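Comments concern the structure below.
The values are calculated or read from the model by the stated rules, or taken from the named source; none is laboratory data. Bear in mind the structure is a predicted one, so any value in this text is a computation, not a measurement. All Cβ positions, even for glycine, are placed from backbone atoms using ideal geometry, and neighbour counts span all protein chains on display. Just the protein is used for accessible areas: all its heavy atoms, side chains included, with ligands, DNA and RNA removed. Shrake-Rupley method; radii C 1.70, N 1.55, O 1.52, S 1.80 Å.
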Amino acid sequence: MSLGEGGSGGALGLSVANKLYMLENAVFSVISPEGCASILWEDAKLAPDAAECLHITAEDMKEFGVAEEIIPEDFVHFGRMCDEMKEKLILDLKGWSKKTGKELSEERYQRFRKLGRWAE
């Protein structure tokens with residue numbers, strides 16, 4: 001399980017999980033939009049355009065099957081938000097604890113086999 005924001009290959013490596021949660025305003029990418037814009041267009045000021053091209057939002061990641069769940073953010077009621085996340089994680093952990101390591105590994109393998117497929 002992984003929770004939060006990834007912005008590098010190392011952070012993406014931490015997402016090798018059976019389930020990926022993302023906060024609704026988090027981004028997930030191997031490069032920052034500024035870095036991408038600097039490389040492609042030699043102008044970091046074009047970061048908003050790069051971000052749009054990269055499709056790095058939580059919604060994008062859910063649509064692509066990279067993230068399974070988007071966690072709504074409510075920093076005004078931070079304690080309640082954390083309690084809801086805790087309940088969600090505990091429920092998933094209880095389910096995983098009933099499985100063997102081999103079963104968990106196979107689920108993870110199948111999850112990653114689906115990534116990157118496309119249809120014309």
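Pick from region 72-85 the residues that are surrounded by fewer than 10 Cβ atoms within 10 Å (Cβ to Cβ) and over 21 Å from the mean Cα position of the chain (by Cα): which of them is nearest to N18 (Cα to Cα)?
G79
When you scan region 11-65, how many residues do you find that are open to solvent by less than 30 Å² (accessible area, probe 1.4 Å) and of a type in the set (V, I, T)?
Residues flagged as open to solvent by less than 30 Å² (accessible area, probe 1.4 Å) and of a type in the set (V, I, T) within region 11-65 amount to 1.
For the condition of a type in the set (D, E, K, R), open to solvent by 60 Å² or more (accessible area, probe 1.4 Å), within 22 Å of G13 (Cβ to Cβ) and modelled with pLDDT of 90 or more, what is the one hit in E69, E107?
Checking each option against the conditions leaves just E107.
Looking only at residues that are under 19 Å from R111 (Cβ atoms) and of a type in the set (S, T, Y) in region 1-28, which one is modelled with the lowest pLDDT?
S2
Just one of (1) out of contact with any Phe, Trp or Tyr (no Cβ under 7 Å at 6 or more places or on another chain); (2) of a type outside the set (D, E, K, R); (3) modelled with pLDDT of 90 or more trips up W118, so point out which.
(3)
Scan region 86-104 residue by residue and report those that are open to solvent by less than 80 Å² (accessible area, probe 1.4 Å) and not in a helix (DSSP H, G or I).
Answer for region 86-104, where residues must be open to solvent by less than 80 Å² (accessible area, probe 1.4 Å) and not in a helix (DSSP H, G or I): K99, T100.
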